[in-house]
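**Q** Take this structure first; my questions come after.
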Amino acid sequence: MTTTTTTEATLRLLAWLSPAFPTGGFAWSHGIEWAVESGDIDNAATLLAWLEPLLTHGSARADAILLRHAHRAAHDLDRLSEITELALATAASRERHAEAIGQGNAFRLAAAPWHPEILTKLHARLGDIPYPIAIGALAGTKSIGEDLAAAAYLQTLAANLISAAVRLVPLGQSAGLSVLAALEPLIAAVTAETAGAGLDDLGGCAFRSDLAAMRHETQYTRLFRS
């Protein structure tokens, strides 16, 4: 089995989850655009209050669980296919589904220099690949630690949503960074908590976020795709 050093793993995750990696993450707000228009998010404090339950009880936690199980099934295409189908079926809305597969499919193509054979096989079998599945499966085949991949994914998700809020509210860059810094302990806690979570633990109760994603579909003026 190929061994990946911590340095190599970190470098790969920094590349794959960088804002410069062409997954189109800048185009999705995960319902935050509607939350800003409705007045739910209008400053750093309300942005933090929006993101905390998303991480602990919402789609971010569910993504971390799916990523972990995709990582463990990275060498078992049949099992990985089952997890992928579950991920596709549990998207809370049309836009959440589009966001997951849009970034996942783009990630598969952009990751070509790292020879993502497992993603090629999964695509041939099922077509669309949700983003957390793509990250988890490729990290698993490249012997990148599961905990490290989950933490990096959650950090990137939070950073992307903060970036969307900075543009939408608008917030200053310093305010956005203060929110990201405040979320660090929570990201670490969710990373640890999901380590023992099974697929039966998928679900969430961040209902306002899910409703925001649904209402964004019919929002009159939109800058983001979700």
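None of the figures in this text is laboratory data; all of them are computed from the coordinates on show. Source: prediction; values computed, not measured. Note: ideal-geometry Cβ built from the backbone for every residue, glycine included; neighbour counts use all protein chains shown.
**Q** Over the chain, what number does the Rg to Rh ratio reach, with both radii from the alpha-carbon atoms and Rh per Kirkwood?
**A** Working: Rg = 16.6 Å, Rh = 17.5 Å.
Reported Rg/Rh (Cα atoms, Kirkwood Rh): 0.95.
**Q** Here's something else I'd like to know. What ³J(HN,Hα) values, in whole Hz, does the Karplus curve 6.51 cos²θ - 1.76 cosθ + 1.60 give for the range 111-121 when θ = phi - 60°, with x put for Gly and Pro?
**A** 7, 3, x, 9, 6, x, 4, 5, 6, 5, 5
**Q** Also, I was wondering about something else. At 7 Å along Cα-to-Cβ for each site, give me the label-to-label distance between Thr218 and Ser18 in nm.
**A** Spacing of the two 7 Å Cα→Cβ label points: 4.2 nm.
**Q** Whole Å is fine, so just give me how far the alpha carbon centre of the range 143-195 lies from that of the range 15-52.
**A** 10 Å
**Q** A further question follows. Which residue, Pro185, Pro132, Pro113, has the most motion in a Gaussian network model of the chain that connects Cα atoms within less than 10 Å?
**A** The residue with the greatest mean-square fluctuation here is Pro113.
**Q** Using the Karplus curve 6.51 cos²θ - 1.76 cosθ + 1.60 with θ = phi - 60°, work out ³J(HN,Hα) for each residue of the range 217-226 in order, rounded to whole Hz, and write x for Gly and Pro.
**A** 4, 10, 5, 5, 10, 9, 9, 10, 7, 8
**Q** Whole-Hz ³J(HN,Hα) for each residue in the range 134-148, computed from phi via Karplus 6.51 cos²θ - 1.76 cosθ + 1.60 with θ = phi - 60°, x for glycine and proline: what do you get?
**A** 4, 5, x, 5, 5, 4, x, 6, 9, 6, 8, x, 4, 4, 4
**Q** Under a no-solvent Debye model with one identical scatterer per Cα of the range 101-226, what's log10 I(q)/I(0) at q = 0.09, 0.10, 0.15, 0.20 Å⁻¹?
**A** With one equal scatterer per Cα and no solvent, log10 I(q)/I(0) is -0.33, -0.42, -0.95, -1.36.
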